[in-house]
1. Pairs needed: first member in the stretch 26-39, over 18 Å from residue 15 (Cβ atoms); second member anywhere, part of a helix (DSSP H, G or I); C-beta distance under 6 Å; at least 6 residues apart or different chains.
2. Only residues in the stretch 68-94 that are free of Cβ contacts under 8 Å to residues at least 24 places away in the same chain count as the first member; pair them with residues that are in a helix (DSSP H, G or I), Cβ under 7 angstrom, at least 6 apart or cross-chain, and list the lot.
3. Can you name the residue in the stretch 48-72 that is within 15 Å of residue 36 (Cβ to Cβ) and out of contact with any helix residue (DSSP H, G or I) (no Cβ under 8 Å at 6 or more places or on another chain) and, of all such residues, is surrounded by the fewest Cβ atoms within 10 Å (Cβ to Cβ)?
4. Going through the stretch 61-94 one residue at a time, which ones are at pLDDT 80 or above and not in a helix (DSSP H, G or I)?
5. Go through the stretch 21-45 and give me each residue that's in a loop (DSSP other than H, G, I, E, B) and under 11 Å from the mean Cα position of the chain (by Cα).
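The values are calculated or read from the model by the stated rules, or taken from the named source; none is laboratory data. Just so it is clear, the structure is predicted and the values come from calculations on it, not from any experiment. With ideal geometry, Cβ positions are generated from the backbone for all residues, glycine too; neighbour counts draw on all protein chains shown.
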Amino acid sequence: MSSRRGDQRVTSINKVWQTLRKSAGLEHICLHELSHMNASMLVFSGHSLDVVQKVLGHSDSSVTQRYSHLTSEALRQATKSVGDYVDRVTQNPS
């Protein structure tokens with residue numbers, strides 16, 4: 001990636017990112033981690049993998065499929081919460 005900003009040439013998003021994270025004291029965080037975290041939060045917020053694919057700009061859906069385990073976990077938790085609710089209701093009928 002290469003572009004111009006004023007008189008200063010920006011040669012790479014990585015150089016810009018390195019400068020930003022150093023000034024913010026976040027040198028341990030890389031762009032890939034931010035992308036992964038963004039995808040994970042989208043999935044946990046209930047967005048479909050199709051939406052996640054579009055937000056992240058993946059041209060191939062198989063790349064986005066790596067996050068499908070998160071939807072499986074969300075489904076497992078949702079199913080468990082229904083079971084827990086049924087257990088509470090049947091133990092303490094109103």
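1. Cβ pairs passing all conditions: 39/52; 39/56; 39/67.
2. Close Cβ pairs (under 7 Å, with a partner that is in a helix (DSSP H, G or I)) amount to 68/49.
3. Per the stated criteria, the residue is 57.
4. Across the stretch 61-94, there are no qualifying residues.
5. Of the residues in the stretch 21-45, the ones in a loop (DSSP other than H, G, I, E, B) are 25-30, 45.
Selection gives 45 alone.
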